[in-house]
1. When the label point is put 7 Å from the Cα of D169 along its Cα-to-beta-carbon vector, which residues of region 209-240 have a backbone N closer than 20 Å?
2. Given labels modelled 7 Å from the Cα in the Cβ direction, how far is it in nm from D226 to A151?
3. Over 10 Å intervals from 0, what percent of Cα-Cα pairs in region 126-261 sits in each interval?
4. Could you check how many percent of all C-alpha pairs in region 188-245 are farther apart than 16 Å?
5. For Q241, enumerate residues with amide H under 5 Å from its amide H, sequence gap 5+ or separate chain, H modeled in the peptide plane.
6. How much length is gained on full extension from A356 to R49, taking 0.36 nm per residue of separation minus their Cα-Cα distance?
7. May I ask you to compute the full-extension gain from N237 to A210, defined as 0.36 nm times their residue separation minus their alpha-carbon distance, rounded to one decimal in nm?
8. Order the peptides 215-228, 111-124, 151-164 from the highest to the lowest mean number of other Cβ atoms within 10 Å of their residues.
Amino acid sequence: MERRMRVGVVYGGRSGEHEVSLRSAASIIAALDPARYEVVPVAITKDGRWLTGPESLKVLEAAQRDLAPIPEHGSEVTLPADPTRHGLLPLGHGRVTPLDVVFPVLHGTYGEDGTIQGLLELAQVPYVGAGVLASAVGMDKAIMKSVFHDAGIPVCRWLVTRIGAEDADALARRVGSDLGFPCFVKPANLGSSVGITKVRAAAGLAAAVAEAGAYDPKVVIEEAVDGREFECAVLGNDAPQASVVGELIPSREFYDYADKYVEQGAEIVIPARIPAETAEAMRALALRAFCAVDGSGLARVDFFLERAGRILVNEINTMPGFTAISMYPKLWEASGLAYPALLDRLIALALERHAARGKRRLSFTPPAPAAPMSYRRARR
C-alpha cells in the first residue's frame with residue numbers, strides 16, 4: 001500500500017486573525033482526503049506556543065466540532081534548525097516528525113508575512129503558498145501599493161504615517177490636502193478588515209489612527225473609493241491562472257470584520273454581474289498583481305470598480321481565508337475546481353516549487369577562488 005502523504009497543517013498564530021485561521025484550518029483538515037493524506041495538526045497559540053496531537057485539536061474545538069480523526073504526533077514542538085531532518089522536532093525528546101509538506105493556514109502577522117515562510121525555507125520543508133518576498137510584500141499594504149504603482153497597476157491614492165511620527169493636526173491637514181474626507185484608516189500589516197475605520201471628517205482621524213496603531217505602528221490611510229467591490233482568485237506558480245470574478249455586496253457601510261465573520265450578511269455574487277470585458281480586465285490585473293509581488297501557489301486579488309468604470313486594485317492576499325464562506329474556494333468552485341481538488345492542486349504546487357528551487361541550488365557552481373595577489377601588485 002502506498003504511503004499517505006504527511007501534511008502539517010499549521011493554524012492559529014499570534015495575529016489578530018487567530019480565530020479566522022482556526023476556521024480556515026478546520027475546513028481544510030475536514031476536506032483533505034484521509035486515503036491520500038495523513039494530517040499532522042500544528043496549533044500556534046496566541047502567546048506563541050506550538051502544539052500538536054490532542055492539544056492542537058483542542059484549539060480547533062471552537063471552530064469545528066466534527067473533525068476527521070487525526071493521529072497523535074506529540075505535544076509541544078518547534079521547527080528544526082537542522083534542514084537535513086526535514087520535519088518537526090519535539091522539544092526535549094529529540095524525535096522527529098517528518099513532513100512531506102506544510103500547509104501554513106495562518107492569516108495576518110507572524111504567519112502570512114514571510115516569517116514562517118522563512119523558517120520553512122531554512123528547514124527546507126515544502127510549503128503551500130507564497131514565498132518570503134511575496135508574503136512580506138502582500139502583508140504590508142504600504143509596500144504593496146508602492147510595488148503595484150511602480151508596476152503600472154492602478155491603485156487608489158494613499159499615504160503612510162507612523163504612530164507618534166507627526167502631530168495629529170498636521171496629519172489631518174495632510175490627509176485633507178492629499179486624499180480628502182471620507183477616508184479609510186488601516187493597520188499596514190493585518191487583514192480580515194481588523195482595525196479598519198472609515199473616517200468622515202478630520203475630527204475622527206486621531207481615534208482611527210490610534211485604533212489601527214493598536215495592531216501595527218505603521219498606518220495606511222486611503223482615499224474612500226465610490227464603487228463596487230470584486231475579488232478574483234489566482235492559482236499557480238510560473239504559469240498562474242485566474243478564476244471567475246465575484247462581487248461582494250456588503251450589508252454594512254463597508255465589508256468589515258463583523259460583516260465577514262459575525263453577521264455574515266454580505267451578498268456574494270459569483271460570477272459577478274458585469275460585462276465580460278470588465279471581468280476579463282480584472283482577471284488580467286489579478287495575474288499582473290500576482291506576478292508583481294512574485295507570487296506562487298495562491299492569492300486573492302481584490303478590486304474596486306468606480307462608478308465611472310475605472311478598475312482599481314485594492315490589495316492582494318497571499319493566504320486568503322479557507323472557511324466554508326470564503327471567497328477563494330468559492331471562486332474556484334465556480335470555475336470548475338471543487339474544494340478537495342483545490343487542496344490537492346495547492347499541495348502539488350508546493351512540492352513542484354520546492355523541487356524547482358532544489359534543482360537550482362544543486363545546479364549552482366561557485367566560481368573558483370582567484371589567485372592571491374602579492375601586496376605590491378594589489379597596491380598598483
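1. Residues 209-210 qualify, since their backbone N sits under 20 Å from the label point.
2. For the pair D226/A151, the computed spacing is 3.0 nm.
3. 11, 37, 36, 13, 3
4. Looking at region 188-245, the distances longer than 16 Å represent 60 percent of pairs.
5. L235, G236
6. Between A356 and R49, full extension yields 107.3 nm more.
7. 5.9 nm
8. Output ranking for 215-228, 111-124, 151-164: 111-124, 215-228, 151-164.
No value in this document is a laboratory result; all are computed from the given coordinates. The model shown is predicted, which means the values in this text are computed figures rather than measured ones. Methodologically, a virtual Cβ is constructed for each residue, glycine included, from the backbone with ideal geometry; neighbour enumeration extends over all protein chains shown.
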